[in-house]
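Asker: Please see the structure below; I have some questions.
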Amino acid sequence: MDRTAILAIVVLLCTSACRSEPASDDPASGPAGPAGSGSGTPSVTATEYTTSLQFLPLEGTATRGVTLEFANTATSSGLGHSYLGWELGRSGWRSILEADFQAPPTQAPWRLFPADAVRLTVNADGDPDVLILRVGSADYTLDLEGHLDGWEDRAGTRHEVREATLTRRGNRVSGVTVQHRFAIPEPSQPARFGPYERVILRSEDGAIIVFFHTRSPDVFGNDYAWMYADGLTRRWTALETRTVEVANSSQLRRNVPIRTWFRIPEPDIRCELTAAERIFNELPTEAGPKPYHALYWVRGWIEFAGERRNVEGLLERGEV
């Protein structure tokens, strides 16, 4: 049986499973627990379950990166889905996914659901292994492959770093995917509006560097830095960051960072990044600075082991 047929069967099974799912003991099910299971529970705490994915190719290609945001909002009456995606190519950022739909209550609201624009296969734990996005006449297939690292922090946020392959029109690109999954009870606005920074970089000599920083660790998770270099992986829980330069955005009615500095204190690794292509998604407000979700292509340098190396990659930022 060929790969296309296998994917079709698994997607069909996934779609059927999503109609009636077993109770989940996954910690990422968060404060709402078995909320909205349809078993007669009179009310639940409205909770947003968010899965964020960043894909960075290992080498420069026509596609330089993909960012996906999957938000499931559980209430007593059902599950609302808002799925968004962007691709960064040589001509800049463009939207490749925008799906909003409703589903009945479920006992596993953190799981990703199929939609007209999204197909997926999942493993035995309900986590995605393959994501297929229908973009116009073309499909984007993101295969999530070997785990490089994975952990849950003290805030209950799950982090994963995986090898991945992106396929579009028969062209396969190898890369790395970073995933964050967390739950926010009674959100005042969508989780993508921060405050946080997520960064995934590749160096000129093949190292992969990941940063995550937030001013609200009880909501988004704890800061960390992660690196793969010379066949070894390292992870640190202490991370320093500061904005070096800003630019005024009339669209957002506020200053936005365009140059940022990071430091991992323990081994004294330093990094400075400057924004190139960028796109802002704003939360409309009548007055004052607008909360925003920003995607950047960044270039800069990282300094460790007495050497400075050029880096480039993706920076995602939310700000209230």
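Bear in mind that the values in this text are calculations on the coordinates, not laboratory data. What you see is a predicted model, and the numbers here were worked out from it, not measured in a lab. Glycine gets a Cβ as well: all are built from the backbone with ideal geometry, and neighbour counts include every protein chain shown.
Asker: Give me the number: length gained by fully extending residue 286 to residue 90, i.e. 0.36 nm times residue separation minus the C-alpha to C-alpha distance, one decimal in nm. Don't skip to the end; give the middle numbers.
Answerer: Working: separation 196, 0.36 × 196 = 70.56 nm, distance 3.45 nm.
Stretched fully, the residue 286-residue 90 segment lengthens by 67.1 nm.
Asker: Quick one: if you stick a label point 7 Å off each Cα along the C-beta vector at residue 270 and residue 59, how many nm between them?
Answerer: Using points 7 Å along Cα→Cβ, the separation is 3.3 nm.
Asker: Relative to the longest principal Cα axis of the chain, at what angle does helix 3-17 sit, 0 to 90 degrees, rounded to 10?
Answerer: 60 degrees
Asker: Around residue 309, what is the net charge, scoring Lys/Arg as +1 and Asp/Glu as -1 over all other residues with Cβ under 13 Å from its Cβ?
Answerer: Charge balance near residue 309 sits at -3.
Asker: Averaging sequence separations of C-alpha pairs under 8 Å and six or more residues apart, then dividing by the length of the chain, give the relative contact order as a whole percent.
Answerer: 13 percent
Asker: Okay, next question. Can you give the helix-only mean residue ellipticity at 222 nm for the chain, where every DSSP H stretch with n ≥ 4 adds -39500 (n - 2.57) and the sum goes over all residues, rounded to the nearest 500 deg cm²/dmol?
Answerer: Numbers: 2 runs with 19 residues, N = 320.
It comes out at -1500 deg cm²/dmol, rounded to the nearest 500.
Asker: Also, I was wondering about something else. Counting every Cα pair in the stretch 188-320, what percent are over 28 Å apart?
Answerer: Numbers: 1566 of 8778 pairs.
Here the long-distance tail beyond 28 Å is 18 percent of all Cα pairs in the stretch 188-320.
Asker: Quick one: dipole size for the chain, taken about the Cα centre, charges +1 on Lys/Arg Cβ and -1 on Asp/Glu Cβ, in debye to the nearest 20. List each step's numbers first, then the result.
Answerer: Details: 33 positive and 42 negative charges, 153 e Å.
Value, rounded to 20: 740 debye.
Asker: Let me ask something else about it. Only Lys, Arg, Asp and Glu count, each charged at its Cβ (+1, +1, -1, -1), so figure out the dipole size of the stretch 100-206 about its Cα centre, rounded to 20 debye. Please report the intermediate quantities before stating the final value.
Answerer: Details: 13 positive and 17 negative charges, 69 e Å.
Using Cβ point charges on Lys, Arg, Asp and Glu, the stretch 100-206 gives about 340 debye.
Asker: Assuming 0.36 nm per residue, please report the length gained on full extension of the stretch residue 308 to residue 172 beyond their Cα-Cα distance. Walk me through the numbers before you get to the answer.
Answerer: Working: separation 136, 0.36 × 136 = 48.96 nm, distance 3.08 nm.
Going from the current span to full extension adds 45.9 nm.
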